[in-house]
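Report on the structure given below.
The values are calculated or read from the model by the stated rules, or taken from the named source; none is laboratory data. None of these values were measured; they are calculated from a predicted model. A quick note on method: Cβ atoms are made from the backbone with ideal geometry, for glycine too, and the neighbour counts reach across all protein chains shown. Keep in mind that these areas ignore ligands, DNA and RNA; they rest on the heavy atoms of the full protein, side chains included. Shrake-Rupley method; radii C 1.70, N 1.55, O 1.52, S 1.80 Å.
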Amino acid sequence: MGFNHLVNNQISLNAINFIHHYIPKHDYADDFSSKIIEFKKISNYSHKLTSREIAILKEFKQLLSIQFLAKLPLPIRDYLLCSVPSHKESEDNKNSFYYLSKWTDIIRDNYDKDLIWRSKTIQKLSFGGNRSIQIHLDSLKVSSKVRNKRIIVLDDVTTTGNSLIATRELLLLAGAKEVILFAFTLTKKSENEQ
């Protein structure tokens with residue numbers, strides 16, 4: 001499965017759709033890459049949101065709405081939305097997309113944090129964890145609520161796409177009618193990795 005840069009393209013059902021490239025901090029991150037890290041940190045929310053966090057949520061709400069949701073082939077009400085779960089088993093899945101759904105009326109009624117969850121903890125991928133598709137297939141579970149539904153799986157940053165690909169495979173095995181994959185960012189490989 002490949003990647004589809006949404007800036008000049010329509011949504012692809014056969015690729016991971018993304019909006020920006022993510023440049024890791026050690027490679028001199030750009031402004032957007034810094035903002036995606038701030039967006040990810042909102043999932044650690046155990047306090048009243050700061051004005052900066054609210055501004056970040058508003059920016060990502062607009063980006064999601066204009067660059068992705070507006071390009072869907074069907075109205076948003078025809079989809080269930082979920083996100084790739086944390087690396088931790090039995091975490092409540094209140095990640096940055098969960099908080100974004102609370103701020104985004106267009107997805108609020110269709111977002112379900114409990115459609116897919118981690119049943120076994122894996123090593124955190126950003127710390128060098130195993131990025132294979134199989135590690136995700138073996139550690140994720142899917143709700144029966146997905147049967148005959150169109151599903152959109154959201155992720156903040158994807159590097160290999162394997163967690164999204166595994167999630168798609170499990171959703172289809174559980175009877176989902178269609179699965180669209182989306183990430184705000186795709187990690188840009190450094191000059192040494194190309």
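Just a few scattered comments:
- Search result, residues across segment 56-76 that are surrounded by 13 or more Cβ atoms within 10 Å (Cβ to Cβ), of a type outside the set (D, E, K, R), out of contact with any Asp or Glu (no Cβ under 7 Å at 6 or more places or on another chain) and part of a helix (DSSP H, G or I): LEU57, PHE60, LEU63, LEU64, SER65, GLN67, LEU69, ILE76
- Looking across segment 140-164, just one residue is over 19 Å from ILE11 (Cβ atoms), open to solvent by less than 20 Å² (accessible area, probe 1.4 Å) and out of contact with any helix residue (DSSP H, G or I) (no Cβ under 8 Å at 6 or more places or on another chain), and that is SER143.
- Taking segment 77-108 as the range and being of a type in the set (A, V, I, L, M) and open to solvent by less than 30 Å² (accessible area, probe 1.4 Å) as the test, the residues that pass are LEU81, VAL84, LEU100, ILE107.
- Hey, LYS145 on the phi < 0 side of the Ramachandran plot and modelled with pLDDT under 95 or not: no
- Failed criterion for SER132 (all others in (1) modelled with pLDDT of 90 or more; (2) under 21 Å from ILE16 (Cα atoms); (3) surrounded by fewer than 21 Cβ atoms within 10 Å (Cβ to Cβ) hold): (1)
- Among the residues of segment 56-72, those identified as touching a residue at least 40 places away in the same chain (Cβ under 8 Å) and farther than 15 Å from LYS149 by Cβ are LEU57, LYS58, PHE60, LYS61, LEU63, LEU64, SER65, GLN67, PHE68, LYS71.
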